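Peer 1: Handing you this structure, nothing more for now.
The values are calculated or read from the model by the stated rules, or taken from the named source; none is laboratory data. Here the structure is a predicted model, which means the values were calculated and not measured. Neighbour counts run over all protein chains shown; Cβ positions are idealised from the backbone, glycine included.
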Amino acid sequence: MKFGVLVFPGSNCDHDTYNVIAEVARQPVTFLWHDSEDLQGVDAILVPGGFAYGDYLRTGAIARFSPVMQSVKKFAAIGGLVLGICNGFQILTEAGLLPGALMRNAGLKYICKQVDLRVETAHSPFTHGLAKGEVLQMPIGHMEGNYFCTPDVLRRLEAEDRIAFRYATPAGEITTEANPNGSLSNIAGILNEGRNVLGMMPHPDRSSEAVLGSADGAKIFASMVEALSTV
């Protein structure tokens, strides 16, 4: 089993993500450079947070054209596990691996704080170790985390059980007040049709050790490890 962490110019959570896999999940991991199509035989790919290519055009819009992302698309198409976190989620939507788009936060301000997430499905390689309705605590740190999609896409996401996480209260209630960025239907993370690609705005990489204030994020990586070990 081997994980790969993408590195773009402007990535700032690549080492955080690498550390979680190497030191918390205790699995082999390597960095994958944006300018190379070689995925080095990895079994799962992590697209970390940051500001890929400075987000100069639009978040994730330039990164989608990088050589490594062409390989990531092929990898995902054959069922490979891909997790995009924060800027990684934005890149996955721009690349067409996930539907919808991430817009500027409703308040037009950068938000960095702990939030509560309700697990909406346990039916995925990323969440099968969690319980539906379970509440996790993780930090967010973004300016463009406001998830949007068309009504038809939202109906499909809901009907196909592809909404992975929603912003919630500590008690698990889905309220307007619990929504930090204005995301449609409080959406914090979604799955692709094949359920092998997950994009989420909160940071499990920054919440996988108790010293950081929460270790809930480690549950997502543990689910991935278990899923890969049974393949």
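Peer 1: Only one of these conditions is not met by MET201: (1) within 14 Å of the chain's Cα centre (by Cα); (2) modelled with pLDDT under 95. Which number is it?
Peer 2: The number of the failed condition is (2).
Residue by residue, here is whether (1) crowded, with 16+ Cβ neighbours inside 10 Å; (2) without any contact (Cβ under 8 Å) to a residue 60 or more places away in the chain holds:
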{"position": "LEU6", "(1), (2)": "yes, no"}
{"position": "PRO9", "(1), (2)": "no, yes"}
{"position": "ASP16", "(1), (2)": "yes, no"}
{"position": "ARG26", "(1), (2)": "no, yes"}
{"position": "HIS34", "(1), (2)": "yes, yes"}
{"position": "GLY41", "(1), (2)": "no, yes"}
{"position": "PHE51", "(1), (2)": "yes, yes"}
{"position": "GLY54", "(1), (2)": "no, yes"}
{"position": "LEU57", "(1), (2)": "no, yes"}
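Peer 1: Another question about this same structure. Out of all the residues in the range 198-219, is one or more among the polar types (S, T, N, Q) and within 21 Å of VAL72 (Cα to Cα)? Let's see the steps before the verdict.
Peer 2: Start the filter on the range 198-219 by keeping residues that are among the polar types (S, T, N, Q), which leaves 207-208, 214.
Narrowing the set further to residues that are within 21 Å of VAL72 (Cα to Cα) leaves none.
Within the range 198-219, not a single residue is among the polar types (S, T, N, Q) and within 21 Å of VAL72 (Cα to Cα).
For (1) more than 26 Å from VAL42 (Cβ to Cβ); (2) among the β-branched types (Val, Ile, Thr); (3) without any contact (Cβ under 8 Å) to a residue 40 or more places away in the chain, each residue gets a yes or a no:
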residue: THR127; (1), (2), (3): no, yes, no
residue: LEU154; (1), (2), (3): yes, no, yes
residue: GLU160; (1), (2), (3): yes, no, yes
residue: PHE165; (1), (2), (3): no, no, no
residue: GLY199; (1), (2), (3): no, no, no
residue: THR230; (1), (2), (3): no, yes, yes
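Listed here are the residues, each with its yes/no results for (1) modelled with pLDDT under 95; (2) outside any loop (DSSP other than H, G, I, E, B); (3) over 16 Å from GLU193 (Cα atoms); (4) more than 15 Å from the chain's Cα centre (by Cα).
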residue: PHE31; (1), (2), (3), (4): no, yes, yes, yes
residue: LEU46; (1), (2), (3), (4): no, yes, yes, no
residue: LEU57; (1), (2), (3), (4): yes, no, yes, yes
residue: SER71; (1), (2), (3), (4): no, yes, yes, yes
residue: LYS74; (1), (2), (3), (4): no, yes, no, yes
residue: GLY79; (1), (2), (3), (4): no, no, no, yes
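Peer 1: Please find, among MET224, MET201, the residue that is farther than 27 Å from LYS109 by Cβ and buried (at least 19 other Cβ atoms within 10 Å of the Cβ).
Peer 2: MET224
Peer 1: Suppose we filter GLY145, GLY172 for residues that are of a type outside the set (Val, Ile, Thr), under 21 Å from ARG104 (Cα atoms) and in contact with a strand residue (DSSP E or B) (Cβ under 9 Å, 6 or more places away or on another chain); which single one remains?
Peer 2: Numbers: GLY172 fails: under 21 Å from ARG104 (Cα atoms).
Criteria check complete, one pass: GLY145.
Peer 1: Let me ask something else. Which is free of Cβ contacts under 8 Å to residues at least 24 places away in the same chain and either surrounded by fewer than 15 Cβ atoms within 10 Å (Cβ to Cβ) or of a type in the set (S, T, N, Q) (or both), of ALA106, ALA131? Walk me through how you get there before you give the answer.
Peer 2: Values: ALA106 fails: free of Cβ contacts under 8 Å to residues at least 24 places away in the same chain.
After applying the criteria, what remains is ALA131.
Peer 1: Being at pLDDT below 95 and surrounded by fewer than 16 Cβ atoms within 10 Å (Cβ to Cβ) is the requirement here; does VAL153 meet it? Walk me through it before giving the result.
Peer 2: Values: at pLDDT below 95: no; surrounded by fewer than 16 Cβ atoms within 10 Å (Cβ to Cβ): yes.
Judged against the criteria, VAL153 is not a match.
Peer 1: Taking VAL115, is it within 21 Å of ILE220 (Cβ to Cβ) and out of contact with any Cys (no Cβ under 6 Å at 6 or more places or on another chain)?
Peer 2: Details: within 21 Å of ILE220 (Cβ to Cβ): yes; out of contact with any Cys (no Cβ under 6 Å at 6 or more places or on another chain): yes.
For VAL115, the condition - within 21 Å of ILE220 (Cβ to Cβ) and out of contact with any Cys (no Cβ under 6 Å at 6 or more places or on another chain) - is met.
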